[in-house]
Amino acid sequence: MDSPLMGLVVLTVFALAAFFTGQGAVRVMRRARWCWYVAVPPLVTAASGYGVAWLLWPSYFSRLVLLLWWACAFFGNIAGWFCAADGQHA
């Protein structure tokens, strides 16, 4: 069970969960005023990252997990901001 392939699968699933959390936060706020549309998704990213790190706190890897979550979720924020809304062109 401690194979490197299993570790890569877990890491990939974790990174995708963070990415889609960031992108989902942007999609939810898409119809809000521009100040909320810009401000809320990074706050959701930061809060969810702290939540995940809190769940893993006794581990020495919690800081690394926090940085990985933030990086993937912020890339999700950026992808959400640059992705066109349904029915619109980029």
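The values are calculated or read from the model by the stated rules, or taken from the named source; none is laboratory data. The structure presented is a predicted model; accordingly, all values stated were derived computationally and were not measured. Glycine also receives a Cβ, built like all others from the backbone with ideal geometry; neighbour counts cover every protein chain displayed. The area values use the complete protein model at the heavy-atom level, side chains included, leaving out ligands, DNA and RNA. Shrake-Rupley method; radii C 1.70, N 1.55, O 1.52, S 1.80 Å.
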Practice prompt. Mind checking the full-extension length gain between residue 11 and residue 55? Use 0.36 nm per residue of separation minus the Cα-Cα distance, one decimal, nm.
Written response: 14.2 nm
Worksheet item: Considering only protein heavy atoms, what is the solvent-accessible area of residue 64 at a probe of 1.4 Å, reported in Å² to the nearest 10?
Response: 110
Fill in: the chain, accessible area per residue, ligands and nucleic acids excluded (1.4 Å, Å²)
74
Worksheet item: What number, rounded to the nearest 500 deg cm²/dmol, is the helix-based mean residue ellipticity at 222 nm of the chain, given -39500 (n - 2.57) per DSSP H run of at least four residues and division by all its residues?
Response: -26500 deg cm²/dmol
Worksheet item: Taking the alpha carbon gyration tensor of the chain, what are the square roots of 5 times its eigenvalues, largest first, to the nearest whole Å?
Response: 28, 16, 8
Discussion item. Show me the chymotrypsin sites (Phe, Trp or Tyr not before Pro) within region 6-90 that DSSP assigns to loop and that have at most 15 other Cβ atoms within 10 Å of their Cβ.
Written reply: 60, 61
Fill in: Exposed-loop-free span, longest in the chain, where trypsin sites (Lys or Arg not before Pro) count as exposed if DSSP calls them loop and at most 11 other C-beta atoms lie within 10 Å
34-90
